[in-house]
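Bear in mind these aren't lab numbers, they're just calculated from the coordinates by the rules spelled out. What you see is a predicted model, and the numbers here were worked out from it, not measured in a lab. Neighbour counts run over all protein chains shown; Cβ positions are idealised from the backbone, glycine included.
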Amino acid sequence: MTTSNPKEIVEQILQARWHSTISGKAQTYVGQFFDAFTLRQGVYAKVQGNHGIYRVSIFPGNKNVSATCSCYIGKSGYCHHCEALAHAFLLYPETFTAIPKYTMADVSAATTPERIHSVVRSLALAAVIEELEQNNMNLKGIAVSMGVSEQKIRSLIKKERQQGIIDDLTPLKLACVWLLQKFGSRGA
Ligand SMILES: [Zn+2]
């Protein structure tokens, strides 16, 4: 994709899926988002819905802009939470923390649990696995170390590509970082 910033990403999806005038259903959620951040051109936030807290995301997909929400109708991002997120970002961009592109060096430098979490959360599983592969650890070795199948890791990478940041993957990424520091010939 040629688009390069979160604002353009959000404008694109708004134009493709919704109206510039916000729907009444979505309106109630604008201003309700929390844990809101931008990362690698994507826009992420959580919102309290009718059945719990939902993670709402808009990010560059493989071909077009993708969106997803953890509510029961939001997998493909056509729910009013996603519509609300698009409007919320355009209206209140300052409430979204811009998370920088962290690297493995930032992981090594992180000393507090909070810092480790925010750095590791921002890394893509695909990127961490790739880094391991460049450091003499193949996918089979990674899978065996973690007691999962290679297929499982591949499916998680695919899921990440479809959904953007997945908080459930943070522990797995942390395990990859540990492997990298232990076995990485170039160091982490
Ligand atoms: Zn939703």
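Here are the numbers for this structure:
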quantity: Dipole of the range 104-183, positive direction: furthest Cα of L156, P113, M137, with charges on the beta-carbon; calculated: L156
quantity: Per-residue [θ]222 nm for the chain (sum of -39500 (n - 2.57) over DSSP H runs n ≥ 4, rounded to 500); calculated: -14000 deg cm²/dmol
quantity: Cross-link partners of K182 among aspartates and glutamates (Cα-Cα below 16 Å; sequence separation of 8 or more within a chain); calculated: E130, E131, E133
quantity: Cβ-placed point charges (K, R +1; D, E -1), dipole of the chain about Cα centre in debye, nearest 20; calculated: 400
quantity: Positive dipole terminus of the range 76-188, leading residue within G184, M104, A88 (C-beta point charges); calculated: G184
quantity: For peptides 153-164, 50-61, sequence by mean Cβ density within 10 Å, most packed first; calculated: 50-61, 153-164
quantity: For V43, distant residues with modelled amide H under 5 Å away; calculated: I58, F59
quantity: Estimated dipole of the range 6-98 in Debye, rounded to 20 [Cβ of Lys and Arg +1, of Asp and Glu -1, Cα centre]; calculated: 260
quantity: Mean Cα-pair separation over length for the range 104-183, i.e. relative contact order, pairs under 8 Å, 6 or more apart, %; calculated: 43
quantity: Dipole of the range 6-98 [Lys/Arg +1, Asp/Glu -1 at C-beta], most positive-end residue of S57, I22, G74; calculated: G74
quantity: Relative contact order, percent, the chain [alpha-carbon distance under 8 Å, six or more residues apart]; calculated: 19
quantity: Cross-link table K25/K46; K63/K159; K7/K158, entries beyond 20 Å C-alpha to C-alpha; calculated: K7/K158
quantity: Antiparallel DSSP beta bridges within the chain, percent to nearest 5; calculated: 90
quantity: Computed magnitude of the charge dipole of the range 6-56 (debye, nearest 20; Cβ of K, R +1, Cβ of D, E -1); calculated: 120
quantity: Longest to shortest principal axis, alpha-carbon extents of the chain, angstrom; calculated: 54, 35, 32
quantity: Reachable aspartates and glutamates from K75, criterion Cα separation under 14 angstrom, eight or more residues apart if same chain; calculated: E83, E160
